[in-house]
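To start, the structure itself, in structure tokens.
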């Protein structure tokens, strides 16, 4: 079976590196983007199976990016991954498939990714 590709969008390089290593160990391939604008540029040439999206980023934040991602590729699941739970109440965050509070223990994030892929496979 082909490896699932995950686009990691976060302005912190150390977070992107950590997620890349952890997700590689789980059997995924990854692409990285440093903000919302970079994410949209990557989507011009890449077709990820899922996007992990931070909210607070320079140039274009995650909430603005969600709307543009959905316009471009509406079938890609999006996980908002933020250190701030306050954004859960923001209308734009409801467009995401999941909202995971950022942590260096990635078990919750990895479980959420697995659940989304299992649900997507069941629908096909």
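The values are calculated or read from the model by the stated rules, or taken from the named source; none is laboratory data. Everything numeric in this text was worked out from a predicted model, so none of it was measured. Positions of Cβ are generated from backbone atoms using ideal geometry, with glycine treated the same way; all protein chains shown enter the neighbour counts.
Numbers for the structure displayed
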| item | result |
| --- | --- |
| Residues located in the stretch 41-60, provided they are surrounded by fewer than 19 Cβ atoms within 10 Å (Cβ to Cβ) and free of Cβ contacts under 8 Å to residues at least 40 places away in the same chain | 41, 42, 44, 45, 59, 60 |
| Hits in the stretch 102-124 - residues which are out of contact with any strand residue (DSSP E or B) (no Cβ under 7 Å at 6 or more places or on another chain), surrounded by 13 or more Cβ atoms within 10 Å (Cβ to Cβ) and within 21 Å of residue 14 (Cβ to Cβ) | 106, 110 |
| The lone exception for residue 63 - which of (1) at pLDDT below 95; (2) outside any helix (DSSP H, G or I) it fails | (2) |
| Residue within the stretch 1-20 that is in contact with a strand residue (DSSP E or B) (Cβ under 7 Å, 6 or more places away or on another chain), under 16 Å from residue 111 (Cα atoms) and part of a helix (DSSP H, G or I) present | yes |
| Options 50, 23; residue that is under 15 Å from residue 109 (Cα atoms) and within 10 Å of the chain's Cα centre (by Cα) | 50 |
| Residues satisfying the stated conditions in the stretch 57-75, i.e. in contact with a strand residue (DSSP E or B) (Cβ under 7 Å, 6 or more places away or on another chain) and within 10 Å of residue 9 (Cβ to Cβ) | 62, 65, 69 |
| Identity of the residue in the stretch 8-20, touching a residue at least 60 places away in the same chain (Cβ under 8 Å) and within 13 Å of the chain's Cα centre (by Cα), that ends up surrounded by the most Cβ atoms within 10 Å (Cβ to Cβ) | 10 |
| Filter result for residue 70 (crowded, with 19+ Cβ neighbours inside 10 Å and either in contact with a helix residue (DSSP H, G or I) (Cβ under 7 Å, 6 or more places away or on another chain) or touching a residue at least 60 places away in the same chain (Cβ under 8 Å) (or both)) | no |
| Some residue of the stretch 24-39 being in contact with a helix residue (DSSP H, G or I) (Cβ under 9 Å, 6 or more places away or on another chain), modelled with pLDDT under 90, surrounded by fewer than 18 Cβ atoms within 10 Å (Cβ to Cβ) and outside any helix (DSSP H, G or I) | no |
